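Enquirer: Shown below is the structure under consideration.
The values are calculated or read from the model by the stated rules, or taken from the named source; none is laboratory data. Values in this document were obtained by computation on a predicted structure and should not be read as measured data. Note that each Cβ is placed from the backbone with ideal geometry, even for glycine, and that neighbours are counted across all protein chains shown. Just the protein is used for accessible areas: all its heavy atoms, side chains included, with ligands, DNA and RNA removed. Shrake-Rupley method; radii C 1.70, N 1.55, O 1.52, S 1.80 Å.
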Amino acid sequence: MSKVDYCLMYVTDERLATDDDFLQVLESSLKGGATIVQLREKKLDTNHFYKRAVESKNLCIKYGIPLIINDRLDIALAVDAVG
């Protein structure tokens with residue numbers, strides 16, 4: 001297995017962007033050089049978290065960036081996140 005270097009992790013937080021702005025902020029971070037994304041949403045209910053994870057995964061695929069889901073193995077497995 002080859003070593004992968006990640007130089008900039010973008011960590012999401014529901015307090016930093018509204019639903020309307022979330023994807024725009026995430027995409028801006030990907031365009032700006034984020035090399036890995038961690039979806040960290042401590043207060044979202046399961047349905048909302050899952051929806052956000054799917055949207056995040058789709059954007060990460062578009063930019064070839066891995067997605068990690070924080071503290072929710074069920075969601076990570078459901079969206080096939082890397083971690």
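Enquirer: If you take the residues in region 43-66 that are hydrophobic (A, V, I, L, M, F, W, C) and in contact with an Asp or Glu (Cβ under 9 Å, 6 or more places away or on another chain), which one is farthest from residue 8 (Cα to Cα)? Step through it out loud before you land on a result.
Expert: Taking region 43-66 first, the residues hydrophobic (A, V, I, L, M, F, W, C) are 44, 49, 53-54, 59-61, 65.
Of the ones still in play, those that are also in contact with an Asp or Glu (Cβ under 9 Å, 6 or more places away or on another chain) are 44, 49, 53, 59.
Numbers: 44: 25, 49: 23, 53: 19, 59: 16 Å.
Here the answer is 44.
Enquirer: Mind checking which pairs have a first residue in region 52-70 that is open to solvent by less than 20 Å² (accessible area, probe 1.4 Å) and a second that is in a helix (DSSP H, G or I) and among the aromatic types (Phe, Trp, Tyr), Cβ under 9 Å, 6 or more apart or different chains?
Expert: 52/22; 56/22; 69/49
Enquirer: Let me ask you something else. Which of the residues that make up region 29-48 are at negative phi, open to solvent by less than 70 Å² (accessible area, probe 1.4 Å) and either out of contact with any helix residue (DSSP H, G or I) (no Cβ under 6 Å at 6 or more places or on another chain) or part of a strand (DSSP E or B) (or both)? Step through it out loud before you land on a result.
Expert: Going residue by residue through region 29-48, those that are at negative phi are 29-32, 34-48.
Checking which are open to solvent by less than 70 Å² (accessible area, probe 1.4 Å) leaves us with 29-30, 32, 34-39, 41, 44, 48.
Within region 29-48, 29, 32, 34, 35, 36, 37, 38, 39, 44, 48 meet the criteria.
Enquirer: Then there is this: Of everything in region 3-17, what is open to solvent by less than 50 Å² (accessible area, probe 1.4 Å), closer than 15 Å to residue 70 by Cβ and among the hydrophobic types (A, V, I, L, M, F, W, C)? Give them in sequence order.
Expert: none
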